[in-house]
Amino acid sequence: MHSVHIPEANLNLYLPADLSECDHEQYIDMCELIFRFHNQEIDYQEFRTHAIYKLLNLKLSREQHDEEEKFSNIYQVSELMDSFFEELDGKQTIKQYYIHNPVPSFAPAYSRYYGPSDSFMDMTFGEYRDALRIFHDFHATGDMHLLVLLTAIFYRRKKKFHYFKKQFANYNGNIRDPYNSALLENHAKNFKYAPIGFIYGFYLLFASFQKYLVDAKILWGGKEIDLSILFQSDSGSDLENIPGIGMDSIAFTMAESGAFGNIKEVDNTNFWQILIKMYDSRRNDLERQKQENNATNQQT
């Protein structure tokens, strides 16, 4: 968090240093500016200036001399917005190191919709499968409607009987209506006129989550589990050669094994449970390969 002191007004103001520190309104505003910057609607200096006005909730003054002095100060403060970016492979790239949901709920019209919990802990495997496919399709086509679909997968109305959850034995902690892929296109119409900062902001959150998964280390049963082995091929090829780690294929394999039931039951299973099962299977494969290699080396 950046601290900005304004001596004339004896004020101490605070600015988020990156997207992870934004509240829900700041996050939507900043994601809109990032979208406009990425699409060359504004240049970098305009991005920084607009960001300061948004984050500090500044208004244009009617007095020209006051505005000139203010703009001079804003120009200096706007340099702090550089912290939202980092240089990767020689390019300025937005920092994405967060997996909490900055916008837990949103009301684009008259209804309020609720998004995934932090770290996508309440995400089903079916939600992830559809989301990942759409995510990759967007990267291939740039079709903005795909981002609306991506958002619609996760933002749904609250369950009608949420407040009576103790009466239902099958309550799993998810406050949202169940996901139904067959109704996705129709449901997406609810977000047709949602602000781009909200739609693009959720895309950035999902992208940040994807980045996290590649080399995530999580605690499970008191042990640290390194999920990076799921994204490594035996030949050592890079991640780009194994997009999405074959989630659709994994779903069918899981269904065939019966570990979580049929394909519908697999899709309704919590994403993290599936991921741990994948980790266990991958670890066993690697251990078996190691033993086979050791046996071969001993024979030679």
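The values are calculated or read from the model by the stated rules, or taken from the named source; none is laboratory data. This one's a predicted model, so the numbers in the text were calculated from it and none came from an experiment. Note: ideal-geometry Cβ built from the backbone for every residue, glycine included; neighbour counts use all protein chains shown. Each accessible area value is taken on the protein alone, full model and side chains, heavy atoms only, with ligands, DNA and RNA left out. Shrake-Rupley method; radii C 1.70, N 1.55, O 1.52, S 1.80 Å.
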Inset, instruction - Return the long-range amide H neighbours of R176 (sequence gap of 5 or more, or a different chain), with a cut-off of under 5 Å between placed amide H atoms. - result: K159
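Sorted by mean Cβ packing within 10 Å, highest first, what order do the peptides 186-192, 73-79, 289-295 take?
Working: 186-192: 16.3, 73-79: 14.7, 289-295: 10.0.
Ranked from most to least packed, the peptides come out as 186-192, 73-79, 289-295.
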Legend entry - Long-range amide H partners of W220 with built H, under 5 Å: I225
Inset, instruction - Could you work out the local net charge near Y128, counting Lys and Arg as +1, Asp and Glu as -1, over the other residues with Cβ closer than 13 Å to its Cβ? - result: -3
Inset, instruction - At 1.4 Å probe size, with no ligands or nucleic acids counted, give the accessible surface of K217 in Å², nearest ten. - result: 110
Legend entry - Length added when fully stretched, T296-Y75, from 0.36 nm per residue minus Cα-Cα: 72.9 nm
Legend entry - H2 long-range amide H proximity, modeled H, under 5 Å: L15, A17
